[in-house]
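Working notes, structure below.
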Amino acid sequence: MDKPNNQDWTTVIQPREGLLHVDFKELWRYRDLCMLFVRRNITTQFKQTILGPLWYLIQPTMTVIMYMVVFGGIAQISTDGLPQPLFYLSGICLWQYFNDCLTKTSSTFTANAGIFGKVYFPRMIVPISTVISNLLRFAIQLGLFLIVYAVYMIFGLQGYEHVHTNWYVMLLPLLVVMLAGLALGFGILFSSMTTKYRDMSLLLDYFVRLWMYATPVIYPLSTITNAKLRLVMSLNPLTGIVEAFKYGMLGAGEFSWWMLGYSFAFMVVLLGVGVVIFNRVQRTFMDTV
């Protein structure tokens, strides 16, 4: 029996119009699925653990103590006169969010190949949900930073006299968006390459570890006096973001609109390149994953 030619279809699945094409309307239609992935990411991370979300507080606390002993005590690295717990926590909050988003989005295709091969939905939903779900961890760790900040302020502990919060703290939402954009861009770029070259996942793990030391997380940018090395540090798109956060929250660091503008432009270009490669790979990745 012949099928009628005038049949009305409710959903049409067809190839993308171009490598740069991103159907934002389709992403919005699948927002409920995105939130399901967000809940999945949060619940599965600490499933069958005793302390659960408390690890969001334990990990940065232990990291700060280690930094205080190794970098502050043994290496005697300057913190621009700021209290070491506040200085290290300010860097850890931002770096940990970026690190988590990058490493988890970098396995988008390999970790979700079973789902991608069975049902259709916009593939970009998965890395976007990862970036959103990690906001919970960032919010909790930022809350820990604010609690420590309040303790120093209320009791006037040593070093608080060097802390001067200013209006640049209002840039925090922009800084978080830029971190998310950079992590998403690098993540989808690496996830596209790991479908064919699994070595990229090992390279990324090593690269991220080194990247932290090239970012002013455990030291202030002011300690870099060599002009060439300082230029290299400035080319790191995370440098301007971390320094802007420390400058706004603590009044120390080096704020520069040029560095922040560079980081934003870098993010836009990176996302464009990442989307191009992601759209290209998603068409054929099931043949190589």
Only one of LEU89, LEU94, LEU172, LEU146 that is closer than 24 Å to GLY240 by Cβ, free of Cβ contacts under 8 Å to residues at least 24 places away in the same chain and hydrophobic (A, V, I, L, M, F, W, C): LEU146
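This table checks each residue for (1) modelled with pLDDT under 85; (2) in contact with a helix residue (DSSP H, G or I) (Cβ under 6 Å, 6 or more places away or on another chain); (3) within 19 Å of THR63 (Cα to Cα).
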position	(1), (2), (3)
VAL131	no, yes, no
GLY159	yes, no, no
VAL163	no, yes, no
ALA180	no, yes, no
SER192	yes, yes, no
LEU210	no, no, yes
TYR213	no, no, yes
LEU221	no, yes, no
Subset of the stretch 236-267 that is under 30 Å from THR195 (Cβ atoms) and touching a residue at least 12 places away in the same chain (Cβ under 8 Å) - its residue that is nearest to the chain's Cα centre (by Cα): LEU238
Sole exception among (1) surrounded by 14 or more Cβ atoms within 10 Å (Cβ to Cβ); (2) within 30 Å of ALA75 (Cα to Cα); (3) more than 20 Å from the chain's Cα centre (by Cα); (4) of a type in the set (Val, Ile, Thr) for THR225, by number: (1)
Subset of the stretch 89-139 [under 15 Å from the mean Cα position of the chain (by Cα), within 21 Å of TYR149 (Cβ to Cβ) and of a type in the set (A, V, I, L, M)]: ILE92, LEU94, LEU135, LEU136, ALA139
Options GLY91, GLY81, GLY114; residue that is surrounded by fewer than 18 Cβ atoms within 10 Å (Cβ to Cβ) and part of a helix (DSSP H, G or I): GLY114
Matching residues in the stretch 201-227 - criterion: being more than 19 Å from LEU86 (Cβ to Cβ) and in contact (Cβ under 8 Å) with a residue 40 or more places away in the chain: SER201, LEU204, ASP205, VAL208
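The values are calculated or read from the model by the stated rules, or taken from the named source; none is laboratory data. All values reported here derive from a predicted model rather than from experimental measurement. Counting neighbours? That spans all protein chains shown, and the Cβs are built from the backbone with ideal geometry, glycine included.
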